Amino acid sequence: MEYLYAVVLFAVSSSVTPGPNNIMVMTSGVNFGVRRTLPLLAGICVGFTVMLLVVGFGFGQLFQVFPALHFIIKCLGTGYLLYLAWLIAKAGSISNSKQQAKPLTFMKGALFQWVNGKAWVVATGAIAAFTTSGAGFYTQNLIIAVTFFIASFPAVGLWLFFGTLLKRWLTKDNHRRWFNYSMSALLIVSVLPVIKEIFIQSPTFLSI
């Protein structure tokens, strides 16, 4: 039972803390409302659960054999996150702009996990910390994935709730524009540690 408590605590704390997923969900809640953001929320939760299962079933070992692959994914993912930050900053007012006239879909939310640096850190960390080699490894992996699936909906959904509350205050185009600028900046800040790692690892990668 202590093992399950530890997994639940890790799942809730890592899911509710600020990161690209939560920033995107809150921004979508402000700009599109709850109903239109639910597919994105579901895609994030389902996508990360699938990611946990794949990493646990050996995908992480692939990075040990081909470390350059992890570096390439990290670079592509960071570039995509910066592109999303630019889209958020350019979103403006939904009522006046056709650009980004609809929120991200379920599939985009699910696929986004594979380029989300925080998702990789949490997934590999969870598998490393809460599994042991032996006959019970796959059962432990399944427990971790199910726990994250259950915990992530209310944890990430809390940010959607915050977004809908803010929507009532951000009725003016100018206020919503500055909110989007702020969320874009936060998304960039969340990527800075990964960018730092890329610069540190790039000499090693180029020498291969």
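The values are calculated or read from the model by the stated rules, or taken from the named source; none is laboratory data. Bear in mind the structure is a predicted one, so any value in this text is a computation, not a measurement. Neighbour counts run over all protein chains shown; Cβ positions are idealised from the backbone, glycine included.
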Quick check: is even one residue across segment 132-140 of a type in the set (A, V, I, L, M), in a helix (DSSP H, G or I) and loosely packed, with under 15 Cβ neighbours inside 10 Å?
-> no
Can you name the number of the only condition in (1) of a type in the set (Gly, Ala, Ser); (2) crowded, with 20+ Cβ neighbours inside 10 Å; (3) without any contact (Cβ under 8 Å) to a residue 24 or more places away in the chain that SER14 fails?
-> (3)
Within segment 55-78, can you find the residues that are of a type in the set (A, V, I, L, M) and either buried (at least 16 other Cβ atoms within 10 Å of the Cβ) or modelled with pLDDT of 90 or more (or both)?
-> VAL55
Identify, by number, the condition in (1) out of contact with any helix residue (DSSP H, G or I) (no Cβ under 7 Å at 6 or more places or on another chain); (2) surrounded by fewer than 16 Cβ atoms within 10 Å (Cβ to Cβ); (3) modelled with pLDDT of 80 or more that VAL34 doesn't meet.
-> (1)
Name every residue in segment 101-118 that is in a helix (DSSP H, G or I) and out of contact with any Phe, Trp or Tyr (no Cβ under 7 Å at 6 or more places or on another chain), in order of residue number.
-> PHE106, MET107, LYS108, GLY109, ALA110, LEU111, PHE112, TRP114, GLY117, LYS118
State whether the residues of segment 162-170 include one that is at pLDDT 75 or above, of a type in the set (Val, Ile, Thr) and closer than 30 Å to PHE66 by Cβ.
-> no
